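> Can you read through this structure? Questions will come right after.
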There are 2 protein chains.
Amino acid sequence: MPRAWEPRGERQRVYETRIFQIARQQRISPRTGNGHDFFVVDCADWCNIVPVTAAGEVVMVRQHRYGTDEETLEIPGGMIDPGDASPMAAAQRELIEETGYQARDLVQTGVIAPNPAMQSNRTFSFLARGVEKVRAPELDAGEEIDVVLVPLAEIPGRIARGEISHALVVVAFAYALGLQAPPAP
Amino acid sequence: MPRAWEPRGERQRVYETRIFQIARQQRISPRTGNGHDFFVVDCADWCNIVPVTAAGEVVMVRQHRYGTDEETLEIPGGMIDPGDASPMAAAQRELIEETGYQARDLVQTGVIAPNPAMQSNRTFSFLARGVEKVRAPELDAGEEIDVVLVPLAEIPGRIARGEISHALVVVAFAYALGLQAPPAP
């Protein structure tokens, strides 16, 4: 059993943006007894959703992303707001806002830590089959998003070829479709 | 085609830790012409590796993670250091340091953006079959890691049940094993 480093003193917020905050916590090495600062990125929890139409197409979004400064092909998702009744309600809200499609039957497929080494938050992933377009997307001032329909059957190949390059989107598809069983050694 | 927000002025480093830095960049909305600050977490690129023994067991690591403050079951990996000749060399180094196992034949299975919305870096994923234990692990002062062997055949189920909860580890297995093809609609 790996030993944990015990915290010493308070967890302090040392930097703050609209989207995330940085916290600092001193911890004590169980081996040496020395203190060491650990830094954590705190965010709201996130949600994402694999929305599939009755025709077997995934409702996806193309947008420019400013972390990598590249256009990506993703599924709808975003921050779970304090006003959302649940992660599932947040996923329904994000889907209709970003794409104009509505999900009636959602199932939660998994919960993942985006990076447990340096981020405290989690992402809740959902699958919705039989989604339908009910209105136009409703974008925030900061959002420029194109909606594209991608056959679900193409997803494993698009991930393997790197055309879907956002880790949390790959995880949502891994939960929705499952991984292949490995061959016997 | 979604329009990008053009940068205005310099990209500035506004906070710095040993592991990551925060950068601020003002960008202009193509819709309104207004400026808006974007914040990005800059890290070194990361690598991880699915190391499989001749008996079909994955060499995994248990450790306490301080972002989520929980023990995790992961594959070996870490930062690509300036001294590493390549992402593959970094993966070989991390494997032997954390586990004492050595990989001879590595293949790069994919490259993922951990979070293209707010992180600039990438993770390079590798698969190595036929890894062998050649020495004891060599841990940094800050590392408390237990090595565990998990049959590769158990991995899809452990991911589905949430026993493997680190997004970048799930992605590495998704690349190594592939996703199941979806049923026809």
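The values are calculated or read from the model by the stated rules, or taken from the named source; none is laboratory data. What you see is a predicted model, and the numbers here were worked out from it, not measured in a lab. Virtual Cβ from ideal backbone geometry, glycine too; neighbours counted across all protein chains shown.
> Given the criteria modelled with pLDDT of 95 or more, under 29 Å from B:Ile22 (Cα atoms) and part of a strand (DSSP E or B), does A:Thr109 qualify? Before you say what the answer is, go through the steps one by one.
Working: modelled with pLDDT of 95 or more: yes; under 29 Å from B:Ile22 (Cα atoms): no; part of a strand (DSSP E or B): yes.
Taking the combined requirement at face value, the residue does not satisfy it.
> Out of A:Pro151, A:Pro114, A:Pro156, I need the residue that is without any contact (Cβ under 8 Å) to a residue 24 or more places away in the chain and not hydroxyl-bearing (Ser, Thr, Tyr). Which one?
Every option except A:Pro156 fails the conditions.
> Same structure, new question: If the requirement is being buried (at least 16 other Cβ atoms within 10 Å of the Cβ), within 11 Å of chain A (Cβ to nearest Cβ), within 30 Å of B:Gln25 (Cα to Cα) and aromatic (Phe, Trp, Tyr), which of these qualifies: B:Tyr175, B:Tyr66? Steps first, answer last, please.
Details: B:Tyr175 fails: within 30 Å of B:Gln25 (Cα to Cα).
Being buried (at least 16 other Cβ atoms within 10 Å of the Cβ), within 11 Å of chain A (Cβ to nearest Cβ), within 30 Å of B:Gln25 (Cα to Cα) and aromatic (Phe, Trp, Tyr) holds for just one of B:Tyr175, B:Tyr66, which is B:Tyr66.
> When you scan segment A:84-102, do you find a residue that is under 23 Å from A:Arg158 (Cβ atoms), of a type in the set (Gly, Ala, Ser) and within 11 Å of another protein chain (Cβ to nearest Cβ), even just one?
For segment A:84-102, residues under 23 Å from A:Arg158 (Cβ atoms), of a type in the set (Gly, Ala, Ser) and within 11 Å of another protein chain (Cβ to nearest Cβ): absent.
Table: residues versus (1) surrounded by fewer than 18 Cβ atoms within 10 Å (Cβ to Cβ); (2) more than 25 Å from B:Gln119 (Cβ to Cβ).
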{"position": "A:Pro114", "(1), (2)": "no, no"}
{"position": "A:Phe124", "(1), (2)": "no, no"}
{"position": "A:Ala128", "(1), (2)": "no, yes"}
{"position": "A:Val134", "(1), (2)": "yes, yes"}
{"position": "A:Leu149", "(1), (2)": "yes, yes"}
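> In addition: Listed residues A:Arg93, A:Arg27; which is in contact with an Asp or Glu (Cβ under 7 Å, 6 or more places away or on another chain) and either in a strand (DSSP E or B) or of a type in the set (A, V, I, L, M, F, W, C) (or both)?
Checking each option against the conditions leaves just A:Arg27.
> Search segment B:12-26 for residues that are among the aromatic types (Phe, Trp, Tyr) and pair each with any residue that is assigned to a strand (DSSP E or B) when their beta-carbon atoms are under 7 Å apart and the residues are at least 6 apart or on different chains.
B:Tyr15/A:Tyr15; B:Tyr15/A:Ile22; B:Tyr15/B:Gln21; B:Tyr15/B:Ile22; B:Phe20/B:Val41; B:Phe20/B:Asp42; B:Phe20/B:Cys43
> Say we look at segment B:37-63 and pick out the residues that are in a loop (DSSP other than H, G, I, E, B) and over 15 Å from the mean Cα position of the chain (by Cα); which of these is surrounded by the most Cβ atoms within 10 Å (Cβ to Cβ)?
Out of the qualifying residues, it is B:Gly56.
> Return the pairs, sorted by first residue and then second, in which the second residue is among the hydroxyl-bearing types (Ser, Thr, Tyr) and part of a strand (DSSP E or B), the first residue lies in segment A:92-109 and is touching a residue at least 40 places away in the same chain (Cβ under 8 Å), the beta carbons are less than 6 Å apart, and the residues are 6+ apart or on different chains.
Pairs that qualify, where the first residue is touching a residue at least 40 places away in the same chain (Cβ under 8 Å) and the partner is among the hydroxyl-bearing types (Ser, Thr, Tyr) and part of a strand (DSSP E or B), are A:Leu95/A:Tyr101; A:Thr109/A:Ser125.
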